[in-house]
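Structure, as structure tokens:
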Amino acid sequence: MGNIIKKVLSLLLLVFYLNSGVCFALDYIDDSIDKGLRQKYDTKKIEEDLLPALPENLPDFDDGIPSDIDIFSPSSTPAQKASELPKPTEKPVQNVQNTKPAATAPVPAVTKKPANTAKTVVTTPKTMPIVLKTSIKMPKGKKFRVRIASSVSDRTPVGTRLSFISQYPEIATYITIPSGTVFKGKVTDSHPPNITGNGGLIVIEVDEMVYKGKTYKIDAKISVANEKRIFFNNIKGKHQFWKGLVKSTTPGYKFFKKMWRCTCKYWKNDNGVEILLTPVTFISGTVVYVLNVAASPVLAIFSKGGSITIPKNADFVIQLREDINI
């Protein structure tokens, strides 16, 4: 009996010890803030203003459910539970024709604010463009050995287009112009031989080069034509003034030579009459020859120079006067 009392007392002490912490904690709860709010504000009135009022007629939860049916019993199946539940009462259908629609308050028109159509410009830092060097320069002074595709002469009209075909590849930095490249040009000036011994003239300007199917504008001249050196891009016929000067003295020289033969013939004869004629023939031949030489510059003015005719496939050399960017 004494042992039972001791056990009961020890159990009570243990329970008191465990509950003493809770009571101690409750003593230290600070409810001063709650008391201050209750003194300053009417909490009951705030609850009535904020919370909506409950409806007056609320059906009881147990209405319509038989008390002897336990729908939560584990022995009943879901089908039985559903069948045992009461069916909802149907509300009477109102006559739509006799009912008038309730008056609704006019809805004020809502004016939409215009959308901000201004586009926002996002500024990004400018970057320097990357420039790739895609052109290759063919320097001026470069020469191309070509052949003309058609014949040309000093009587070819100005504006006639000519074609040249390169015979050998020409190499420059990073580029090679292959053989068979077509160069094109035109006759910019031409005339046949004129008086004063002036020969014919042909001026050809090369202005196009066809490289890999693309035509490039170029500025080139003819430095060699038909294996003859050309200066100032003028293909000229021979100047015949000096040759005409010598040719104009030929009649006087022939007459003097004839008179000299006569003089020698008369001198060799023993007949005295013929010896007396020798000075006449000699002087007359000399006079005519001197007069002919004096008049030869005037006569040479009317002489014409040499003509120019360059056949097809003649050799030419084209030289660039400006750089080509390919």
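The values are calculated or read from the model by the stated rules, or taken from the named source; none is laboratory data. Nothing here was measured: the structure is a model prediction, and the numbers come from that model. Cβ sites come from the backbone with ideal geometry, for glycine too, and all protein chains shown count toward neighbours.
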Name the residues in the range 133-176 that are among the β-branched types (Val, Ile, Thr), part of a strand (DSSP E or B) and touching a Ser or Thr at 6+ places or on another chain (Cβ under 7 Å), would you?
Val146
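So if I check each of Phe256, Phe231, which one is at pLDDT 85 or above and loosely packed, with under 12 Cβ neighbours inside 10 Å?
Phe231
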Qualifying residue in the range 297-308 (condition: under 21 Å from Gly252 (Cβ atoms), modelled with pLDDT of 85 or more and of a type outside the set (Val, Ile, Thr)):
yes
Would a scan of the range 253-266 turn up a residue that is touching a residue at least 24 places away in the same chain (Cβ under 8 Å) and within 54 Å of the chain's Cα centre (by Cα)?
no
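Listed residues Asn234, Asn194, Asn198, Asn226; which is touching an Asp or Glu at 6+ places or on another chain (Cβ under 9 Å), in the same structural domain as Ile177 (by TED's automatic domain parsing) and closer than 30 Å to Ser296 by Cα?
On the way: Asn194 fails: touching an Asp or Glu at 6+ places or on another chain (Cβ under 9 Å); Asn198 fails: touching an Asp or Glu at 6+ places or on another chain (Cβ under 9 Å); Asn226 fails: closer than 30 Å to Ser296 by Cα.
On inspection, the qualifying residue turns out to be Asn234.
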Selection status of Ser248, in contact (Cβ under 8 Å) with a residue 40 or more places away in the chain and in the same structural domain as Val158 (by TED's automatic domain parsing)
no
Starting from the range 298-326, take each residue that is within 29 Å of Ile195 (Cα to Cα) and list its partners that are of a type in the set (Ser, Thr, Tyr) and part of a helix (DSSP H, G or I), counting only C-beta distances under 6 angstrom and pairs at least six apart or across chains.
Leu299/Ser248; Ala300/Ser248
Please name all residue pairs, on different chains or six or more residues apart, with Cβ atoms under 7 Å, provided the first residue is in the range 156-169 and is closer than 18 Å to Lys143 by Cα and the second residue is assigned to a strand (DSSP E or B) and of a type in the set (S, T, N, Q).
Pro169/Thr176
Quick one: Ile202 ticks every box in (1) over 30 Å from Val290 (Cβ atoms); (2) surrounded by fewer than 20 Cβ atoms within 10 Å (Cβ to Cβ); (3) of a type in the set (A, V, I, L, M, F, W, C); (4) in contact with a Ser or Thr (Cβ under 9 Å, 6 or more places away or on another chain) bar one, so which box is it?
(2)
